[in-house]
Amino acid sequence: MSDDLPGILGEIATVAGVEAARKLAIAKGGQRVRIPGRLRPGCWLIACVGEAAAASIVEHFRVINADGRPQGLDVELPIAFAGSIARATRLARETVTRTIEAGGSVREAARRAGVTERAAWKMKRRLRDAGGGNQGSLF
């Protein structure tokens with residue numbers, strides 16, 4: 001799923017989920033940003049993707065300097081093509097649907113798909129509203 005996203009967004013999708021990568025692409029795509037070495041209240045990254053996803057991103061990209069202190073990293077976020085994000089979202093939706101149809105929990109489906117539980121609940125609700133509650137998927 002993260003292979004469908006360009007450059008560093010694919011890495012971010014792997015460590016923090018497709019939704020976090022999508023939010024970053026929309027908010028900061030095409031820009032050079034600094035991923036902080038440690039999170040502080042009010043950090044732009046928390047405001048953009050939420051605390052849990054921000055913590056995962058910071059942990060993944062953190063650089064420890066010679067003094068043993070964490071330092072941030074400057075990166076350029078690519079402009080994600082709409083097709084890449086749409087394809088990743090479709091794959092996440094399919095993963096959530098398959099997991100739920102197989103009897104898995106929403107939490108498990110969210111973890112497998114790399115999305116938030118809230119997003120998985122929305123996908124489950126859409127599946128139910130579309131009449132796919134107890135029927136097989138047409139994917």
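The values are calculated or read from the model by the stated rules, or taken from the named source; none is laboratory data. The structure presented is a predicted model; accordingly, all values stated were derived computationally and were not measured. Positions of Cβ are generated from backbone atoms using ideal geometry, with glycine treated the same way; all protein chains shown enter the neighbour counts. Side chains are part of the model used for accessible areas, which takes the heavy atoms of the whole protein and leaves out ligands, DNA and RNA. Shrake-Rupley method; radii C 1.70, N 1.55, O 1.52, S 1.80 Å.
Residues to consider are 50, 37; find the one that is more than 28 Å from residue 91 (Cα to Cα) and surrounded by 13 or more Cβ atoms within 10 Å (Cβ to Cβ).
Working: 50 fails: more than 28 Å from residue 91 (Cα to Cα).
That would be 37, the only listed residue that is more than 28 Å from residue 91 (Cα to Cα) and surrounded by 13 or more Cβ atoms within 10 Å (Cβ to Cβ).
Take residue 34 and tell me if it is in contact (Cβ under 8 Å) with a residue 40 or more places away in the chain and touching a strand residue (DSSP E or B) at 6+ places or on another chain (Cβ under 6 Å). Show your work before the answer.
On the way: in contact (Cβ under 8 Å) with a residue 40 or more places away in the chain: yes; touching a strand residue (DSSP E or B) at 6+ places or on another chain (Cβ under 6 Å): yes.
For residue 34, the condition - in contact (Cβ under 8 Å) with a residue 40 or more places away in the chain and touching a strand residue (DSSP E or B) at 6+ places or on another chain (Cβ under 6 Å) - is met.
Take residue 55 and decide whether it is over 16 Å from residue 5 (Cβ atoms), at pLDDT 95 or above, out of contact with any Gly (no Cβ under 7 Å at 6 or more places or on another chain) and open to solvent by 60 Å² or more (accessible area, probe 1.4 Å).
Considered against the rule, which asks whether it is over 16 Å from residue 5 (Cβ atoms), at pLDDT 95 or above, out of contact with any Gly (no Cβ under 7 Å at 6 or more places or on another chain) and open to solvent by 60 Å² or more (accessible area, probe 1.4 Å), residue 55 comes out as no.
In region 56-69, is there at least one residue being of a type in the set (Asp, Glu), outside any loop (DSSP other than H, G, I, E, B) and free of Cβ contacts under 8 Å to residues at least 60 places away in the same chain?
As a first pass, look at region 56-69 and keep what is of a type in the set (Asp, Glu): 59, 67.
Narrowing the set further to residues that are outside any loop (DSSP other than H, G, I, E, B) leaves 59.
Then keep just the ones that are free of Cβ contacts under 8 Å to residues at least 60 places away in the same chain; that gives 59.
For region 56-69, residues of a type in the set (Asp, Glu), outside any loop (DSSP other than H, G, I, E, B) and free of Cβ contacts under 8 Å to residues at least 60 places away in the same chain: present.
Mind checking whether some residue in region 65-85 is out of contact with any Lys or Arg (no Cβ under 6 Å at 6 or more places or on another chain), modelled with pLDDT of 90 or more and of a type in the set (Gly, Ala, Ser)?
Within region 65-85 (the criterion being out of contact with any Lys or Arg (no Cβ under 6 Å at 6 or more places or on another chain), modelled with pLDDT of 90 or more and of a type in the set (Gly, Ala, Ser)), the answer is yes, since at least one residue qualifies.
So which residues in region 106-135 are over 18 Å from residue 52 (Cβ atoms) and of a type in the set (Gly, Ala, Ser), if there are any at all?
Once the filter is applied, which keeps residues that are over 18 Å from residue 52 (Cβ atoms) and of a type in the set (Gly, Ala, Ser), region 106-135 yields 130, 131, 132, 133.
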